[in-house]
Amino acid sequence: MKDIPNSNILLFKSCLVSVEYPGIESSTKYVFDKIGIDYEVNSRQTCCTGLGHYSDIFDQMSTSIIGARNFHVAKDLNRKNLVMLCATCYAINKKVANILNNKKETRNEINEIFEESNMGEMKYKEGDIDSSKNIFHVVDILYSKKEEIAKNIKFDLSKFKIATHHGCHYCKVHYNDTIGGIRDPNIIDDIIKYCGVETIGWYDHKITTCGSGFRQRFVNKDLSMDVTLDKLNSLKNDGVEVLVHLCPNCHVQFDRYEKYIADTNETEFNIIHLNIAQFIALAMGADPYKVVGIQTHTVPIEPFVKELEENIIETENKQEIVESDNNV
């Protein structure tokens, strides 16, 4: 496995996380604090432009200029390890770093723009940010600290039927940097295992997209919803109660549109949706509202939380038993 940092991290804010599910960011910070990750969130960092870029609103040059600026912020803070809350931020920033390092003409043009804008201090030098060594997704950090996560789990999750959805922009863009496979992605499954429960693993449609397709959700809505319907039906057929994701755009597609799709197709799903950081935070005992932000979800999380809190792990009793066995 590639080297994963646990310090000098700039936790990269996400537009979709902030607007739709702010509990993803607060859950990530909660978990990072528990497992000893050194990070900072900084107001100087701006949007990656990902949603606009993939909807053909921002061209590649505009996106690369903004990326170069954000990389300068990370360097200036001495936090060159950028860790993304969003799979789209992850994919777009890796792409920008590769362009800046490998395309001299583009790099020079961007540096000239900085000079003309009296921002010469932001001049990007080849290799300032390495797409493989300095840009990560939150799941990479969580995966590298699985053992620490396991030590902090408060609730028994074994009674729930859980499946995972790995976002396209994590698994299907930068193949060489993806941990846990691309044909049968399992990095979230492996992390959840250390929370004390096995997921269902492979299921039909596991590697199918969520269906959002950025602008497809709006310009080809019927097609977009049909793709999501297929995936939800697959999960329903396997009796899944909880779907865990790593991308806020996927989260929007499943959580915001599940009831709409159910009503349109005269069916029910009752599948709740959680980001992996929210899932771990809940398992560690974080406040469901103040930290995890379950009140921002469309599919109610309260029944899951209530059931979860009835299954606290008797850590002290287990420790007493272990010590007793050791004394025999």
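The values are calculated or read from the model by the stated rules, or taken from the named source; none is laboratory data. Treat the numbers as computed from the prediction; the structure is a model and nothing was measured. Ideal geometry is used to build each Cβ from the backbone, glycine not excepted, and the neighbour counts take in all protein chains shown.
Considered as a group, the residues in the stretch 180-211 that are among the basic types (Lys, Arg) and in a loop (DSSP other than H, G, I, E, B) include one that is modelled with the lowest pLDDT, and that residue is 183. Only residues that are farther than 26 Å from residue 120 by Cβ and aliphatic (A, V, I, L, M) were counted across the stretch 38-69, and they come to 3.
Residues in the stretch 89-96: is at least one without any contact (Cβ under 8 Å) to a residue 60 or more places away in the chain and surrounded by fewer than 24 Cβ atoms within 10 Å (Cβ to Cβ)? No, because not a single residue in the stretch 89-96 is without any contact (Cβ under 8 Å) to a residue 60 or more places away in the chain and surrounded by fewer than 24 Cβ atoms within 10 Å (Cβ to Cβ).
Among the residues of the stretch 231-271, those that are part of a loop (DSSP other than H, G, I, E, B) and among the polar types (S, T, N, Q) comprise 265, 267, 270. Checked across the stretch 159-172, the condition of being free of Cβ contacts under 8 Å to residues at least 12 places away in the same chain and under 20 Å from residue 279 (Cα atoms) holds for no residue. Tell me, yes or no, whether the stretch 220-241 has at least one residue that is under 18 Å from residue 31 (Cβ atoms), of a type outside the set (Ser, Thr, Tyr) and assigned by TED's automatic domain parsing to the domain that holds residue 163. There is no residue in the stretch 220-241 that is under 18 Å from residue 31 (Cβ atoms), of a type outside the set (Ser, Thr, Tyr) and assigned by TED's automatic domain parsing to the domain that holds residue 163. Please tell me if residue 64 is within 21 Å of the chain's Cα centre (by Cα), of a type in the set (Gly, Ala, Ser) and farther than 27 Å from residue 22 by Cβ. Against the criterion (within 21 Å of the chain's Cα centre (by Cα), of a type in the set (Gly, Ala, Ser) and farther than 27 Å from residue 22 by Cβ), residue 64 does not qualify. The conditions of being at pLDDT 95 or above and within 20 Å of residue 185 (Cα to Cα) are not met by residue 252. Of all residues in the stretch 212-230, exactly one satisfies the criterion of being part of a helix (DSSP H, G or I) and in contact with a Leu (Cβ under 7 Å, 6 or more places away or on another chain), namely 216.
Before we move on, is residue 300 crowded, with 20+ Cβ neighbours inside 10 Å, assigned by TED's automatic domain parsing to the domain that holds residue 193, at pLDDT 95 or above and in a loop (DSSP other than H, G, I, E, B)? So residue 300 does not fit the description; no.
Report yes if residue 258 is at pLDDT 95 or above, out of contact with any helix residue (DSSP H, G or I) (no Cβ under 9 Å at 6 or more places or on another chain) and either in the same structural domain as residue 161 (by TED's automatic domain parsing) or more than 17 Å from residue 152 (Cα to Cα) (or both), otherwise no. So residue 258 fails the test. Looking at the stretch 161-183, is at least one residue more than 20 Å from the chain's Cα centre (by Cα) and either surrounded by fewer than 19 Cβ atoms within 10 Å (Cβ to Cβ) or not hydroxyl-bearing (Ser, Thr, Tyr) (or both)? Yes, the stretch 161-183 contains at least one residue that is more than 20 Å from the chain's Cα centre (by Cα) and either surrounded by fewer than 19 Cβ atoms within 10 Å (Cβ to Cβ) or not hydroxyl-bearing (Ser, Thr, Tyr) (or both).
When the criteria are applied in full, residue 285 meets the requirement of being modelled with pLDDT of 95 or more, surrounded by fewer than 19 Cβ atoms within 10 Å (Cβ to Cβ) and closer than 20 Å to residue 149 by Cβ.
Close contacts from the stretch 211-235, counting a first residue that is more than 18 Å from residue 88 (Cα to Cα) and a second that is modelled with pLDDT under 95 and of a type in the set (Asp, Glu), with Cβ to Cβ under 6 Å and a gap of 6+ residues or different chains, come to 234/204. The set of residues in the stretch 1-23 being over 24 Å from residue 129 (Cβ atoms) and in contact (Cβ under 8 Å) with a residue 40 or more places away in the chain consists of 20, 21, 22, 23. Go through the stretch 126-170 residue by residue and tally those that are β-branched (Val, Ile, Thr) and not in a helix (DSSP H, G or I). The number of residues fulfilling the criteria is 5. Close contacts from the stretch 62-79, counting a first residue that is under 16 Å from residue 39 (Cβ atoms) and a second that is assigned to a helix (DSSP H, G or I), with Cβ to Cβ under 8 Å and a gap of 6+ residues or different chains, come to 70/93.
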